[in-house]
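This report refers to the structure that appears directly beneath it.
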Amino acid sequence: MPSFDIVSEVDTAEVKNAVDQASKEIGQRYDFKGSDARIEQADKVLTLHGDTDFQIDQVFEVLIAKLAKRQVDVRCLERGKIDKVSGNKVKQEIKVRSGIEQELSKKVIRVIKDSKLKVQASIQGDSVRVTGAKRDLLQDTIALVRKEVTDFPLQYQNFRD
């Protein structure tokens, strides 16, 4: 039976390269000279440091530009709130989301079931598997999900006939 998987993955190597490029640009920019502006990267969390909220926003804009240039979908980033650190320094944590959360997978399944297409969707860990009798139905399902779910980056893999 034909099937495919709906997943959400982020290329961590590209994220690391984009962070490195953004850090290099921040170190060279005149408006960041003598400030605490920098980006730190942990496993799935990026931490932006700066002197003011405005500077954090500027660092974030540089990061987004570098991620977009490397074809990393910026919708996978989830910004946290800006926290005050010692003195007049601030920081912000940004989570890099990968994998489809339970709530989003239920939304995708609801969209597929409401469309009345003759396919079955099931949750498989952090992905959604869609099976159907014909390849055309699966392609229609992909088009439907692309149109309906726009707030999170989704990829379609393992298309099998």
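The values are calculated or read from the model by the stated rules, or taken from the named source; none is laboratory data. Note that the structure is a prediction, hence the values are computed from the model and not measured. Here Cβ is always computed from backbone atoms with ideal geometry, including for glycine, and neighbour counts include all displayed protein chains.
Per the listing ALA18, ALA13, the residue uniquely among the small types (Gly, Ala, Ser), crowded, with 16+ Cβ neighbours inside 10 Å and either in contact (Cβ under 8 Å) with a residue 60 or more places away in the chain or in a helix (DSSP H, G or I) (or both) is ALA18. In the stretch 102-127, which residues are assigned to a strand (DSSP E or B) and within 18 Å of the chain's Cα centre (by Cα)? Across the stretch 102-127, the qualifying residue is only SER127.
In summary, LYS91 fulfils each of the numbered conditions (1) over 24 Å from ILE142 (Cβ atoms); (2) free of Cβ contacts under 8 Å to residues at least 24 places away in the same chain with the single exception of condition (2). Number of residues in the stretch 129-155 that are outside any helix (DSSP H, G or I) and in contact with an Asp or Glu (Cβ under 7 Å, 6 or more places away or on another chain): the value is 3. For beta carbons closer than 6 Å, sequence separation of 6+ or different chains, a first residue in the stretch 131-145 that is surrounded by 13 or more Cβ atoms within 10 Å (Cβ to Cβ) and a second that is among the aromatic types (Phe, Trp, Tyr) and not in a helix (DSSP H, G or I), the qualifying pairs are LEU138/PHE4; ILE142/TYR156.
Close Cβ contacts (under 7 Å, 6 or more residues apart or on different chains) running from residues in the stretch 100-112 that are at pLDDT 85 or above to residues that are surrounded by fewer than 18 Cβ atoms within 10 Å (Cβ to Cβ) and of a type in the set (D, E, K, R) comprise ILE100/ASP126; VAL111/GLU148. Any residue that is at pLDDT below 90 and crowded, with 16+ Cβ neighbours inside 10 Å - is there at least one of those in the stretch 118-125? Yes, the stretch 118-125 has at least one match.
If I filter the stretch 68-82 down to residues being surrounded by fewer than 12 Cβ atoms within 10 Å (Cβ to Cβ) and in a strand (DSSP E or B), which single residue comes out as farthest from the chain's Cα centre (by Cα)? So the residue we want is LYS81.
Looking only at residues of the stretch 30-60 that are assigned to a loop (DSSP other than H, G, I, E, B), touching a residue at least 12 places away in the same chain (Cβ under 8 Å) and not acidic (Asp, Glu), we find that the one that is surrounded by the most Cβ atoms within 10 Å (Cβ to Cβ) is ALA37. Residue check: is SER105 crowded, with 16+ Cβ neighbours inside 10 Å and of a type in the set (Gly, Ala, Ser)? Here the answer is yes, as SER105 does meet what is asked.
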